[in-house]
Amino acid sequence: MSSRSGEFKHRVVTRFQRHVANPLNRRLPFQVLLETTGRTSGLPRQTPVGGRRVGDSFWLVSEFGYKSQYVRNIQADPKVRVRIAGRWHHGTAHLLPEDDAVARLRTLPRFNSAAVRAFGIDLLTVRVDLEG
């Protein structure tokens, strides 16, 4: 994909997510939410994500890599919260560019993984080490 079409795809998808999908998904009690601290505002930012808890870690793949706002927030402050099955967990997020994100998607919930593969242009694995 050319960088120009990738930029266009990024703008269209993020605009849809920001104004339509995310506000609706945040209200669903079963939706997993990742809460980061806004790197500029310092306010909590909640993003619906797909992923899977494995032991004391939560794994997800960002479809836009380092361009994702929540990834940029993690770079500024890796302390996050994740809402899994309606319960909030504190944790520390780690960006894993060396991980094979496509292979990782095969281990995560199918519906979200299909969307990430379809819309993503720069996949990045994120692992959140959960506290307690």
Could you name every one of the strands (runs of 3 or more DSSP E) located completely within the range 47-132 that has at least 3 residues being surrounded by fewer than 16 Cβ atoms within 10 Å (Cβ to Cβ)? 87-96
Subset of the range 25-38 that is in a loop (DSSP other than H, G, I, E, B) and closer than 22 Å to Glu131 by Cβ - its residue that is modelled with the highest pLDDT: Gly38
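The values are calculated or read from the model by the stated rules, or taken from the named source; none is laboratory data. Keep in mind that what you see is a predicted model, and the values were worked out from it rather than measured. Backbone-built Cβ (ideal geometry, glycine too); neighbour counts: all protein chains shown.
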